[in-house]
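The values are calculated or read from the model by the stated rules, or taken from the named source; none is laboratory data. Since this is a predicted model, take the numbers as computed values, not measurements. Counting neighbours? That spans all protein chains shown, and the Cβs are built from the backbone with ideal geometry, glycine included. The protein model used for the area step is the full one, side chains on, heavy atoms only, and it has no ligands, DNA or RNA in it. Shrake-Rupley method; radii C 1.70, N 1.55, O 1.52, S 1.80 Å.
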Amino acid sequence: MIRVAVIGAGGRMGKKVIELVAGDAATTLVAAIDGPGAPSVGSEVAPEVTVTTDVAAALASADVYIDFSTPAATRTVAEAAASANVAAVIGTTGIDEAGNSALARLAENAPVLWAPNFSLGVNLLLGLARLA
């Protein structure tokens, strides 16, 4: 069983990821994280999983985290995940140089998949552009 934490749990993609994790027999949702003041904080998104702002506690129980949040949150979580050796799947756009550095440090300790766009159409276009 793969233990998953979702970053940006209150967003459109975060909600969809939570739904997909809940419906997959090979995964279990162990944590859901959102930013301070987000409306989702404190709400229950799955049995025994309440949205929190405590990144360290959430990562402590996860094998991998899935992040569709903001560039600042992505950097903060990557820095915390590097010391916790937690793998990452990241779909955040607009990551700056500091964020890239944090992801590179995380990749020294754990697997990292970062795609600034998970859209099939966009990735097909990028592949076709490379072929051309």
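Before we move on, is ILE33 under 13 Å from the mean Cα position of the chain (by Cα) and at pLDDT 95 or above?
Working: under 13 Å from the mean Cα position of the chain (by Cα): yes; at pLDDT 95 or above: yes.
The answer is yes for ILE33.
Residue by residue through the stretch 74-94, note down the ones that are in contact with a strand residue (DSSP E or B) (Cβ under 8 Å, 6 or more places away or on another chain) and either surrounded by fewer than 19 Cβ atoms within 10 Å (Cβ to Cβ) or outside any helix (DSSP H, G or I) (or both). Spell out how you get there, then give the answer.
Looking only at the stretch 74-94, we keep the residues that are in contact with a strand residue (DSSP E or B) (Cβ under 8 Å, 6 or more places away or on another chain), and these are 74, 77-78, 81, 86-92.
Within the stretch 74-94, VAL86, ALA87, ALA88, VAL89, ILE90, GLY91, THR92 qualify.
Scanning the stretch 38-48 for residues that are more than 16 Å from the chain's Cα centre (by Cα) and in a strand (DSSP E or B) yields GLU44, ALA46.
Of all the residues in the stretch 60-71, those that are out of contact with any strand residue (DSSP E or B) (no Cβ under 6 Å at 6 or more places or on another chain) and either crowded, with 17+ Cβ neighbours inside 10 Å or over 20 Å from LEU113 (Cβ atoms) (or both) number 3.
Considering each residue of the stretch 52-75 in turn, none proves to be on the phi > 0 side of the Ramachandran plot and modelled with pLDDT under 95.
Cβ-Cβ distances below 7 Å connect the following pairs, each with a first residue in the stretch 4-26 that is at negative phi, a second residue that is exposed (fewer than 13 other Cβ atoms within 10 Å of the Cβ), and a separation of six or more residues or different chains: GLY10/PRO39; ALA26/MET1. Here the condition is being crowded, with 19+ Cβ neighbours inside 10 Å, part of a helix (DSSP H, G or I) and out of contact with any Pro (no Cβ under 9 Å at 6 or more places or on another chain); of LEU20, LEU124, LEU103, LEU128, it holds for LEU103 alone. Annotation: of all residues in the stretch 1-17 being within 17 Å of SER69 (Cβ to Cβ) and in a loop (DSSP other than H, G, I, E, B), the one that is nearest to the chain's Cα centre (by Cα) is GLY8. Restricting the first member to the stretch 80-100 and to residues that are closer than 25 Å to SER119 by Cβ, and the second to residues that are acidic (Asp, Glu) and open to solvent by 20 Å² or more (accessible area, probe 1.4 Å), the beta-carbon pairs closer than 7 Å and six or more apart or on different chains are ALA87/ASP63. Scanning the stretch 23-59 for residues that are surrounded by 14 or more Cβ atoms within 10 Å (Cβ to Cβ), closer than 21 Å to ALA84 by Cβ and not hydrophobic (A, V, I, L, M, F, W, C) yields THR27, THR28, ASP34, GLY35, THR50, THR52, THR53.
Is one or more of the residues making up the stretch 56-69 under 12 Å from LEU106 (Cβ atoms), assigned to a loop (DSSP other than H, G, I, E, B) and not basic (Lys, Arg)? No, the stretch 56-69 contains no residue that is under 12 Å from LEU106 (Cβ atoms), assigned to a loop (DSSP other than H, G, I, E, B) and not basic (Lys, Arg).
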